[in-house]
1. Taking the condition out of contact with any helix residue (DSSP H, G or I) (no Cβ under 8 Å at 6 or more places or on another chain), hydrophobic (A, V, I, L, M, F, W, C) and closer than 17 Å to B:ILE9 by Cβ, does A:ALA71 pass?
2. Please tell me if B:ARG41 is at the interface with another protein chain (Cβ under 9 Å from one of its Cβ atoms) and charged (D, E, K, R).
3. Run B:GLN68 past the list (1) farther than 13 Å from B:ALA7 by Cβ; (2) open to solvent by less than 90 Å² (accessible area, probe 1.4 Å) and report the number of the one that doesn't hold.
4. Which residue pairs have Cβ atoms closer than 6 Å, lie 6 or more positions apart in sequence or on different chains, and pair a first residue in the range A:60-76 that is more than 11 Å from every other protein chain (Cβ to nearest Cβ) with a second residue that is in a helix (DSSP H, G or I)?
5. What about B:TYR34, is it among the aromatic types (Phe, Trp, Tyr) and not in a loop (DSSP other than H, G, I, E, B)?
6. Step by step: first the residues of the range A:44-59, then only those that are within 25 Å of A:ILE75 (Cα to Cα) and not in a strand (DSSP E or B), then the one that is nearest to the other protein chains (Cβ to nearest Cβ). Which residue is that?
7. Could you list, in sequence order, the residues of the range B:10-38 that are in contact (Cβ under 8 Å) with a residue 40 or more places away in the chain and within 9 Å of another protein chain (Cβ to nearest Cβ)?
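The values are calculated or read from the model by the stated rules, or taken from the named source; none is laboratory data. What you see is a predicted model; the values in this text were computed from it and never measured. Virtual Cβ from ideal backbone geometry, glycine too; neighbours counted across all protein chains shown. Areas reflect the complete protein model, heavy atoms only, side chains present, ligands, DNA and RNA absent. Shrake-Rupley method; radii C 1.70, N 1.55, O 1.52, S 1.80 Å.
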Number of protein chains: 2
Amino acid sequence: MAQQYQAQIYVTLRPSVLDPAGTAVQVGLMHMGYENVGQVRIGKYIELTLSADSETIACEQLNRICDQLLANPVIENYQFELQEMSTVASQ
Amino acid sequence: MAQQYQAQIYVTLRPSVLDPAGTAVQVGLMHMGYENVGQVRIGKYIELTLSADSETIACEQLNRICDQLLANPVIENYQFELQEMSTVASQ
């Protein structure tokens, strides 16, 4: 029986790639008086649900989804966490 | 002495707010054959470093930073994790 999974995916720029948006936030924070804030890097956080027969299959599929659509592997890294969603007992 | 902290901040749309980008990704995945993927929600993932005298102070400051700049509290929720960065011993 297919299980429902909840995935949390983090897509971040590779460390060698410049992040102008992050730098803009950092400069903005400095102007707001937060001078103790160092490097800021901005990425994406994606939550999705998927159904799969096993956690292994769900992981494989998520890797393909990230490579093909959610992340640009040339400039971005990704990582994800998978949780089985608790099914409500029918009692 | 001020400690260095690494913060991971997750900014997500409130559940009641529509997420057209997430829906577009979901439809895209369906067209790519991933018909087992359910709801997709897209948020921001921000990493930053800051120095503060204590974890409590760092938390208070991060809350202000999120409220003032990183998140729009009207339509977005945020949560963050703080880790003390290990200082390299000078030996």
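1. Values: out of contact with any helix residue (DSSP H, G or I) (no Cβ under 8 Å at 6 or more places or on another chain): yes; hydrophobic (A, V, I, L, M, F, W, C): yes; closer than 17 Å to B:ILE9 by Cβ: no.
Here the answer is no, as A:ALA71 does not meet what is asked.
2. Numbers: at the interface with another protein chain (Cβ under 9 Å from one of its Cβ atoms): yes; charged (D, E, K, R): yes.
Criteria met by B:ARG41.
3. (2)
4. A:PRO73/A:ASP67
5. When the stated conditions are applied, B:TYR34 does not pass them.
6. To start, the set of residues in the range A:44-59 that are within 25 Å of A:ILE75 (Cα to Cα) comprises A:44-48, A:58-59.
Cutting the leftovers down to not in a strand (DSSP E or B) gives us A:58-59.
On the way: A:ALA58: 9, A:CYS59: 14 Å.
Result: A:ALA58.
7. Quick first cut of the range B:10-38, residues in contact (Cβ under 8 Å) with a residue 40 or more places away in the chain only: B:10-14, B:17.
B:TYR10, B:VAL11, B:THR12 - these are the residues of the range B:10-38 that are in contact (Cβ under 8 Å) with a residue 40 or more places away in the chain and within 9 Å of another protein chain (Cβ to nearest Cβ).
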